[in-house]
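Every number here is computed from the coordinates shown, using simple stated rules; none is lab data. In this text the structure is predicted, and so the values were computed from the model without any measurement. Using ideal geometry, Cβ is built from the backbone for each residue, glycine included, and neighbour counts are taken over all protein chains shown.
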Amino acid sequence: MTIVRISRQFLAGLVVVCGLSAAGCHGQVPAAGTPLSPELARRVEILIRQRAKITPDVTLTISPKQPSDVPGYDQIEVVFTTDGDKSKPNVFLLSKDGKTLAQFNRFDISRDPMTIVSSAGRPGRGGPDSAPVQIVMFDDLECPYCAKMHKQIFPALTDRYGNEVHVVYRDYPLSQHPWAMRAAVDVNCVGAQSGKGYWNLVDYIHEHASDFGGAEHSVQKANDALDQRSLDEAKKSGLNAAAVSSVEACLKKQDQSEIKASLKLGDSLDIEATPVLFVNGEKFEGAYPVEDLFRMVDQALTAEGVKPPPPYAAPSIAGAKGTN
């Protein structure tokens, strides 16, 4: 086994160091094999130092050579140690002639990205469930950036793509928004009985979010107004008496389990803020201009073998003057 040194800066950029108290982080046992000669280990050390512009404050342990599945190369594992903490093994490829050191990452792309987050079971807008592009947006009904994105994409998205794009929302009410959870529960109560009523309610709440709670921003007033608006929407949606009663019972129960499941799903997808959209599995974060989203949808359509609409041209502003 050969010991060389590598900088803390390089360590931070290359590997994730496991703290001594972290579960599952243990000292590494080098694999059996052919140790590097001191001369070869020094060449590896010098290369790493030069490429990473390092200082000698982190210990590096190089394992013996092992056969690799890359022709012409053996495999070595490198473990970095700093202040008693050890990293996970980092795999490098070392050419058989000892003249080339390489490192690359492998990623499994066999999974269909569209399966990363499902649109199933949610009220849809635009095209059918079988549409070639599925957009799933994680939404917070009290979030002004979500309201901005919502206003940008409807009806622009459905006008541009028609039945080629199927849109659903999933709930991700942020804890700093005091009535967002209530709003999520309420729209789902209506959505369980009427997809049209669900979207009418989402449209209204995003358009009038600043009005809920009144001038004093009362959470109780916001909750009461959300409940009343949801019940009114259920009645306007043409539901029969039994369905309206189901909505009313749901509003009174305020079961958050479905919303919490959606939050957990969002967490598993590394969502930390809203809005976040997934376009056939590709993540689109933040309230960016709609033309950025259109480019992503166009690419998704092309990947599905569907010709996208002509390139989007933002509408000109009547009377706008040129700039110098």
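Data for the structure
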item	result
Taking the range 138-232 and dividing mean pair separation by its residue count, relative contact order in percent (alpha carbons under 8 Å, at least six apart)	32
Principal semi-axes in Å for the range 36-123 [√(5λ), Cα gyration tensor, largest first]	36, 19, 11
Quotient of C-alpha Rg and 2.2 N^0.38 Å, computed over the range 113-303	1.00
Highest to lowest packing among 39-48, 171-180, scored as the average C-beta count within 10 Å	171-180, 39-48
Under-5 Å amide H pairs with Y169, H placed in peptide plane, nonlocal only	M137
Within the range 165-241: Cβ-based charge dipole about Cα centre, in debye rounded to nearest 20 (Lys, Arg +1; Asp, Glu -1)	220
Dipole axis of the chain (+1 Lys, Arg; -1 Asp, Glu on Cβ), positive-most option in A300, V185, G72	G72
Convex hull projection area averaged over all views, the range 91-206, Cα basis, nm²	11.4
Distant alpha-carbon pairs in the range 96-147 (separation over 19 angstrom), percent	58
From phi via Karplus (6.51, -1.76, 1.60), per-residue ³J(HN,Hα) for the range 99-107 in Hz, x at Gly/Pro	9, 9, 10, 9, 8, 8, 10, 10, 10
Residue of D255, D57, D108 that the Gaussian network model of the chain assigns the largest fluctuation, springs spanning Cα pairs under 10 Å	D57
Dipole magnitude of the chain, debye to nearest 20 (Cβ charges: Lys/Arg +1, Asp/Glu -1, about Cα centre)	960
Ranked packing of 134-146, 191-203, 94-106, 290-302, most packed first, by mean Cβ within 10 Å	134-146, 191-203, 290-302, 94-106
Extreme residue, positive dipole direction of the chain, given options L60, V167, L201 (C-beta unit charges)	L60
The range 251-313 shape via C-alpha gyration tensor axes, a/c threshold 1.5	prolate
Among V117, L277, Q228 the positive-end extreme of the charge dipole of the range 113-303 (Cβ point charges)	Q228
Where only C-alpha atoms are counted, convex hull volume of the range 166-234 per residue in Å³	82
Angle in degrees between helix 219-236 and the longest Cα principal axis of the chain, rounded to the nearest 10	60
Cα pair count fraction exceeding 37 Å, expressed as % - the chain	44
Estimated [θ] at 222 nm from DSSP helical runs (n ≥ 4, -39500 (n - 2.57)) normalised by residues in the chain, nearest 500	-11500 deg cm²/dmol
